[in-house]
Amino acid sequence: MKTALGFSIAAALAGTFATTLGSGGALAQAMFRGDAAHHGSYSADGPRALHRVKWTFPTGDRIVSSPIHKDGVIYFGSDDGNVYAVDAADGRQLWKRRTGGPIAATPALAGDLVYVGSYDGNFYALEAKSGATRWKFATGGERRFEAKNLHGMLPKNQTIADPFDVFLSSPVVAGGSVFFGSGDGNVYSLDAASGALNWKFETATWCTLRRRSPTGSCTSGAGIAISTRSTPAPAFRSGAFTAARIR
């Protein structure tokens, strides 16, 4: 059975963002947890109550991407493979851009570009006003974590894909570069304007941003900090943390 949650942005999202951003987006949030350092702190109070659903917006599949917003526009991805731009005041679609796989990451917005990765193995820079592709960068491809006897699943000798591994790395934009992790095991730094590769750093495991097991990347004055999850057989034993300087 398909639920409303999987196909629409409903009460919490619509009520909160439509009311606070419809008049111009004073509380803009341009990337996951608000900024490149992932502070997750905001200058204004949140709504005390949500009285009704103001609007819903259906997509072709579930939505696990968190929204970003600026200037009265909400941007988010869907597992139907599209990135969407929606008017925060009334839920009207402004544009959508098709990719070759689910969009299970929070986009990042910097200047006039929206950045996001897809399960098709490509990382996209889309024009914020039209959704046109400015550039795209091919990684070595995404993959889901898998292990034997995962979460105690049987048969214990069979390699099973993790059903909870649904998120992709949410990008960070700082200093003219965009940073993200990939299922190919690398952390990437690309030129934000052109998509040219600045560098890539190979880690010991997958590089993704997960909510249940925090991994991913954030930047600070000293450089970029990347945490990854170590995955020796037969199951998770420890986590690894890597810090790579960006200058």
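A few points about this structure:
- Test: residue in region 204-213 that is closer than 23 Å to Thr106 by Cβ, of a type in the set (Gly, Ala, Ser), modelled with pLDDT under 50 and surrounded by 12 or more Cβ atoms within 10 Å (Cβ to Cβ): yes
- Some residue of region 57-66 being in contact with a Phe, Trp or Tyr (Cβ under 9 Å, 6 or more places away or on another chain), modelled with pLDDT under 95 and within 25 Å of Ala193 (Cα to Cα): yes
- Residue among Phe145, Phe180, Phe164 that alone is farther than 23 Å from Gly111 by Cα and either in contact with a strand residue (DSSP E or B) (Cβ under 8 Å, 6 or more places away or on another chain) or hydroxyl-bearing (Ser, Thr, Tyr) (or both): Phe145
- Test: residue in region 86-99 that is over 13 Å from the mean Cα position of the chain (by Cα), outside any strand (DSSP E or B) and under 22 Å from Gly140 (Cβ atoms): yes
- Hits in region 119-165 - residues which are surrounded by 13 or more Cβ atoms within 10 Å (Cβ to Cβ), touching a Lys or Arg at 6+ places or on another chain (Cβ under 9 Å) and either assigned to a strand (DSSP E or B) or of a type in the set (Asp, Glu) (or both): Asn122, Phe123, Tyr124, Ala125, Leu126, Glu127, Thr133, Lys148, Ile160, Asp162, Asp165
- Identity of the residue in region 139-193, over 16 Å from the mean Cα position of the chain (by Cα) and acidic (Asp, Glu), that ends up farthest from Asp120 (Cα to Cα): Asp191
- Within region 36-69, the set of residues being surrounded by fewer than 19 Cβ atoms within 10 Å (Cβ to Cβ) and within 25 Å of Ser169 (Cβ to Cβ) comprises Ala37, His39, Gly40, Ser41, Tyr42, Gly60, Asp61, Arg62, Ser66.
- Selection status of Val86, on the phi < 0 side of the Ramachandran plot, surrounded by 15 or more Cβ atoms within 10 Å (Cβ to Cβ), touching a residue at least 60 places away in the same chain (Cβ under 8 Å) and not polar (S, T, N, Q): yes
- Odd one out for Val116 among (1) closer than 18 Å to Phe179 by Cα; (2) part of a loop (DSSP other than H, G, I, E, B); (3) at pLDDT 95 or above: (2)
- Some residue of region 48-60 being without any contact (Cβ under 8 Å) to a residue 60 or more places away in the chain and not in a loop (DSSP other than H, G, I, E, B): yes
The values are calculated or read from the model by the stated rules, or taken from the named source; none is laboratory data. Only a predicted model underlies this, so the values are computations on that prediction, with no experimental measurement involved. Positions of Cβ are generated from backbone atoms using ideal geometry, with glycine treated the same way; all protein chains shown enter the neighbour counts.
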